[in-house]
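> Sharing a structure below in structure tokens format, with a few things to ask.
The values are calculated or read from the model by the stated rules, or taken from the named source; none is laboratory data. If you're wondering where the values come from, they're calculated on a predicted model, not measured in any experiment. In this analysis, Cβ positions are derived from the backbone assuming ideal geometry, glycine residues included, and neighbour counts consider all displayed protein chains.
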Amino acid sequence: MIVVNDLTLTYPGGKGVFDLNFTVKEGEVMGYLGPNGAGKTTTIRALLGFMRPDKGSCSINNLDCNEKAADIQSNLGYIPGEISFIDGMSGYEFLKFMHDMRRMKRRSRQQELLEMFELNPEGKIKKFSKGMKQKLGIVAAFMHDPDILVLDEPTSGLDPLMQVRFVELILHEKARGKTILMSSHSFEETERTCDNILIIKEGRIISQSDIQTLKGAQRKGYILKTADPERTISDLRQADCEAELISDERIKVYVAGAKIDQFVKITARHTVSDLDVINQTLEDAFLQFYGREEERS
């Protein structure tokens, strides 16, 4: 449904995306991951026909993204990374504008989405909060029931409850066979919704893998307080755990998934008076993945 072949698009400063090749199959949810500036949004802009590549091609549903951009956009569901609305419009006016532009016949789906995200679209959009604007963008992207969706940081600005609602929406659309390419910084969001993952770094795709592979690459982090930190560090390092002293008694430890059992057994031999979990971001997970990929190359 989405095909990218040797896509290269460069900016005057030399940054951009280079020789991208990937496909998103019908009914697949593909996560597109990478740090800020890696090239995710540039790729999405090329797919929407907003930017013409220097070389290569991309197509959506067998339509060329440059030659048939208008046809693609009229049937696609799209959430941009930075949502902009028409000045002076109310939420209802914007939704009516999108409804008329797409020549939609029914509004039942629109109303379902408004209720799901608890959005009252009355009032001028310029007075909406960031979260309300994001909800409006979500409603506009899904209300015409598109078969293909391209979503760039779709939960940006949403509170935790609405993020959960969005995950539920993606899972529902996935069950209905929709094809989705989604850029995200939320590990939980990606883990729960995506089948496969593309990882991009400095404009180049360095890996394409299933979600289980990425989960396996994620380390667990802990802060330990022990009676004999030097001996604890020595024992942990012998088990290939990353351990370092960060204060007189506290140790920072990173443990690969396969080493959890050894970590538990080693710490059980020591007097542990405190244990905290280090919450890792999605960026931490795929930066670890980068390191492992680079070691293999």
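> With (1) within 27 Å of the chain's Cα centre (by Cα); (2) within 28 Å of I2 (Cα to Cα); (3) modelled with pLDDT under 90 as the list, and M101 as the residue in question, which single condition is left unmet?
Here M101 meets the rest and fails (1).
> I'm told K55 meets every condition in (1) surrounded by 16 or more Cβ atoms within 10 Å (Cβ to Cβ); (2) of a type outside the set (D, E); (3) touching a residue at least 40 places away in the same chain (Cβ under 8 Å) except one. Can you identify the failing condition by its number?
(1)
> Restricting attention to region 72-79, does a residue exist that is buried (at least 19 other Cβ atoms within 10 Å of the Cβ), within 20 Å of G157 (Cβ to Cβ), in contact with a helix residue (DSSP H, G or I) (Cβ under 6 Å, 6 or more places away or on another chain) and aliphatic (A, V, I, L, M)?
Yes, region 72-79 has at least one match.
> Looking at region 210-242, which of its residues are crowded, with 17+ Cβ neighbours inside 10 Å and of a type outside the set (V, I, T)?
Listed by number, the residues that qualify are L214, A217, Q218, R219, Y222, L224, K225, P229, D235, L236, C241.
> Got a number for residues in region 24-47 being out of contact with any Asp or Glu (no Cβ under 6 Å at 6 or more places or on another chain) and under 16 Å from D147 (Cβ atoms)?
So the answer is 6.
Each row is one residue, and each column tells you yes or no for (1) touching a helix residue (DSSP H, G or I) at 6+ places or on another chain (Cβ under 8 Å); (2) of a type in the set (S, T, N, Q); (3) closer than 27 Å to T42 by Cβ.
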site	(1), (2), (3)
L113	yes, no, no
K130	no, no, yes
I138	yes, no, yes
V150	yes, no, yes
D159	yes, no, no
F166	yes, no, yes
L171	yes, no, no
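> Hey, among the residues in region 263-297 that are in a helix (DSSP H, G or I) and modelled with pLDDT of 90 or more, which one's nearest to K220 (Cα to Cα)?
Looking at the filtered set, the residue picked out is F263.
> Are any of the residues in region 114-132 surrounded by fewer than 17 Cβ atoms within 10 Å (Cβ to Cβ) and touching a Leu at 6+ places or on another chain (Cβ under 6 Å)?
Checking region 114-132: at least one residue is surrounded by fewer than 17 Cβ atoms within 10 Å (Cβ to Cβ) and touching a Leu at 6+ places or on another chain (Cβ under 6 Å).
> Give the residue, chosen from E153, E173, that is surrounded by 13 or more Cβ atoms within 10 Å (Cβ to Cβ) and closer than 14 Å to V29 by Cβ.
None of the others qualify; the one that does is E173.
> Of the residues E188, E173, E168, only one is over 25 Å from F97 (Cα atoms) and modelled with pLDDT of 95 or more; which?
E168
> Quickly run through region 84-129 and pick out the residues that are in a helix (DSSP H, G or I), free of Cβ contacts under 8 Å to residues at least 24 places away in the same chain and among the polar types (S, T, N, Q).
S108, Q111 - these are the residues of region 84-129 that are in a helix (DSSP H, G or I), free of Cβ contacts under 8 Å to residues at least 24 places away in the same chain and among the polar types (S, T, N, Q).
> Do any residues in region 29-52 that are free of Cβ contacts under 8 Å to residues at least 60 places away in the same chain have Cβ atoms under 7 Å from those of residues that are among the small types (G, A, S) and in a helix (DSSP H, G or I), where the two are at least six apart or on different chains, and which pairs are they?
G49/A69
> Follow-up. How many residues, within region 58-83, are free of Cβ contacts under 8 Å to residues at least 24 places away in the same chain and closer than 19 Å to L198 by Cβ?
So the answer is 1.
> Here is a further query. If you check G14 against the conditions, is it in the same structural domain as D152 (by TED's automatic domain parsing) and at pLDDT below 95?
Yes.
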